[in-house]
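Inspection log for the structure reproduced underneath, given as structure tokens.
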Amino acid sequence: MTENLQNRLYDTEEIQEKDNAFIHPWDMMDTVGDNKRTVIAEGDGIYIYDSDNNKLMDGPGGMWCVNIGHRRQEMADAIAEQVMQLSYASPWSITNGPASIFADEIAKRAPTDMNHVFFTTGGSTAVDSAVRMAHLYFQFQAKKSKTQIISRAYGYHGSTFLGAAITGKPREEECMTVAEGLVHHIPCPNPALKPEAMSMADFLDEKIADLENKILELGADNVACFVAEPIMASGGVIVPPEGYHKRTWEICKKYDVLYISDEVVTAFGRLGHYFASEDVFDIVPDFITTAKGLTSGYVPCGAVVVHDRIIKAFKEGDNNAMYSNGYTYSGHPVACAAGLKNMEIIDNEGLLAHVREVAPYFQSRLRELLEMPLVTEVRGMGLMASVECRVEGEDDMGTLYKVASLVDQYCQELGLIVRPIYSSCVMSPPLTITKDQIDDLVGMLRQGIERAQDDLIKEGVLNA
């Protein structure tokens, strides 16, 4: 990096001015060109630094993705070496070493009998690609009516036109046009929505019935796939009741509906395993989508891991089936070299075991915040968690956003970045976080919530 550019990265005023040309994801369009965002200038381990040299703990791990932490010299070296060796190769009629080796290494770590990998550019395109292969699978078997897709309210599956339709977050559907007539949402399996008089077993039965009833309503001959995150990440870190995934998977098998496990967030260590589907939830889906932790965010990359039975069906048929789906950057050699180095670091440093060791401490420390008046719920598993901050009885969406954003604002002043989603403060720190750093995170979050509480009490919104 030239010295001139290096210096400019710390010129807050210049970057904020030039940021007016940058339309950000999920931007409020009436504010485009008028924002003054925090400028992140560098990262190191679990910390990032803004352009005014304020040190901030990266609570969200970037966007659920900086699993091995920032500023890894060995990662930089691997990326640079691959750029000098081969910067690009078309994935169509030729191949390259990093992509082929990376696919093989992913397959070795994937659930039983999932030995094929299709590379994409990220999570949204991975979901699209899995659904398109599911459609091709049934088309090839002359089951042309099996096209309908089932997903869940508050699930998140991307922002492409198809991914956005599969997504069940109401805010997205309110603001943007989505594909209609193809996707059907069933109720969210959030245990917090369970009626007080209902047992958890009965609530689980009801959520399983939601899926089966929807398949029967649409007709099993019309349903292609069910798309589900093991933990509903952007919906607020919603952990379904124990046994939910195993039973929905069994329902799908019963009706010849393909199961797409969306592990864009949970794969590559977030729950202490390379993949959560089999190791945590005891299912072997037909497809697994992954992205974020795949390269720890160093280079964009996504992938679909495909069960052998899907490939076997194509190979045993009489007709040729072309999977006419792909991307210029599928199997990009630099991204795949980064992915291989990411795996090497995870394995050499024992990060999966480390997550399994520190995650219970992370979850238990956060649950201590339940004693605070503003904290109504703490949800999570592994190194992903959501602290719900809301005024009891308040359902106005504007107020819910305001409370979480206020906590986020105070936390940043204290040295912690959290991600406000609805009324939740969401965290998914790098997998390298230590117990001492967890203590620091929880301490800053507590102070941030206390300051927000004080403001709301002064406004008369919250009782002292």
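The values are calculated or read from the model by the stated rules, or taken from the named source; none is laboratory data. Quick caveat, the model's predicted, so the values are computed rather than measured. Cβ: placed from backbone, ideal geometry, glycine included. Neighbour counts: every protein chain shown.
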TODO: Considering only residues that are within 19 Å of the chain's Cα centre (by Cα) and hydroxyl-bearing (Ser, Thr, Tyr), look in region 144-159 and name the one that is farthest from MET133 (Cα to Cα).
DONE: TYR154
Open item on the list: If PRO111 meets every condition in (1) touching a strand residue (DSSP E or B) at 6+ places or on another chain (Cβ under 8 Å); (2) closer than 24 Å to TYR422 by Cα apart from one, which number is that one?
Closed with: (2)
Task: Extreme residue, nearest to ALA228 (Cα to Cα), among residues of region 121-143 that are assigned to a loop (DSSP other than H, G, I, E, B) and within 20 Å of the chain's Cα centre (by Cα) - done: GLY122
Open item on the list: Restricting to region 40-55, count the residues that are surrounded by 21 or more Cβ atoms within 10 Å (Cβ to Cβ) and over 22 Å from the mean Cα position of the chain (by Cα).
Closed with: 0
TODO: Considering only residues that are touching a Ser or Thr at 6+ places or on another chain (Cβ under 9 Å) and buried (at least 19 other Cβ atoms within 10 Å of the Cβ), look in region 73-95 and name the one that is farthest from ILE260 (Cα to Cα).
DONE: MET75
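Quick check on my filter: what residues within region 327-354 are touching a helix residue (DSSP H, G or I) at 6+ places or on another chain (Cβ under 9 Å) and on the phi > 0 side of the Ramachandran plot? Don't jump to the end; show me each part of the working.
Keep residues of region 327-354 that are touching a helix residue (DSSP H, G or I) at 6+ places or on another chain (Cβ under 9 Å), which gives 327, 329-346, 351-352.
The answer is GLY331, and nothing else.
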Task: Failed criterion for VAL387 (all others in (1) outside the structural domain of LEU271 (by TED's automatic domain parsing); (2) surrounded by 21 or more Cβ atoms within 10 Å (Cβ to Cβ); (3) not in a strand (DSSP E or B) hold) - done: (3)
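Looking only at region 1-58, which residues are of a type in the set (Gly, Ala, Ser) and touching a Ser or Thr at 6+ places or on another chain (Cβ under 7 Å)?
To start, the set of residues in region 1-58 that are of a type in the set (Gly, Ala, Ser) comprises 21, 33, 41, 43, 45, 51.
Residues satisfying the conditions are ALA41, GLY45, SER51.
Look at ASP408 and say whether it is surrounded by 14 or more Cβ atoms within 10 Å (Cβ to Cβ), assigned by TED's automatic domain parsing to the domain that holds PRO60 and more than 22 Å from the chain's Cα centre (by Cα). Give the derivation first.
Details: surrounded by 14 or more Cβ atoms within 10 Å (Cβ to Cβ): yes; assigned by TED's automatic domain parsing to the domain that holds PRO60: yes; more than 22 Å from the chain's Cα centre (by Cα): no.
No; evaluated as a whole, the condition is false for this residue.
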TODO: Any chance you could count how many residues in region 134-148 are buried (at least 24 other Cβ atoms within 10 Å of the Cβ) and of a type in the set (A, V, I, L, M, F, W, C)?
DONE: 1
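Within region 426-463, take every residue that is more than 26 Å from the chain's Cα centre (by Cα) and without any contact (Cβ under 8 Å) to a residue 24 or more places away in the chain and give me the one that is nearest to LEU56 (Cα to Cα). Even if it seems obvious, please write down each step before you answer.
Residues of region 426-463 more than 26 Å from the chain's Cα centre (by Cα): 447, 450-463.
Now restrict to residues that are without any contact (Cβ under 8 Å) to a residue 24 or more places away in the chain: 454, 457-460.
On the way: ASP454: 23, ILE457: 27, LYS458: 28, GLU459: 29, GLY460: 31 Å.
Per the stated criteria, the residue is ASP454.
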Open item on the list: If I filter region 206-225 for residues that are touching a Gly at 6+ places or on another chain (Cβ under 6 Å), outside the structural domain of TRP64 (by TED's automatic domain parsing), surrounded by 14 or more Cβ atoms within 10 Å (Cβ to Cβ) and more than 21 Å from TYR137 (Cβ to Cβ), do I get at least one hit?
Closed with: no
Task: Looking only at region 56-72, and only at residues there that are surrounded by 19 or more Cβ atoms within 10 Å (Cβ to Cβ) and aliphatic (A, V, I, L, M), the one that is farthest from ASN342 (Cα to Cα) - done: LEU56
Open item on the list: Can you pull out every residue in region 285-313 that is among the acidic types (Asp, Glu) and either free of Cβ contacts under 8 Å to residues at least 40 places away in the same chain or buried (at least 23 other Cβ atoms within 10 Å of the Cβ) (or both)?
Closed with: ASP286
TODO: Hey, can you tell me all the residues within region 209-234 that are of a type in the set (S, T, N, Q) and over 18 Å from GLY163 (Cβ atoms)?
DONE: ASN213, ASN222
Task: Hey, TYR10 modelled with pLDDT under 95 and either in a loop (DSSP other than H, G, I, E, B) or of a type in the set (D, E, K, R) (or both) or not - done: yes
TODO: Filter region 421-440 for residues that are over 15 Å from GLY380 (Cα atoms) and surrounded by fewer than 24 Cβ atoms within 10 Å (Cβ to Cβ) and give the result.
DONE: TYR422, THR432, THR434, LYS435, ASP436, GLN437, ASP439, ASP440
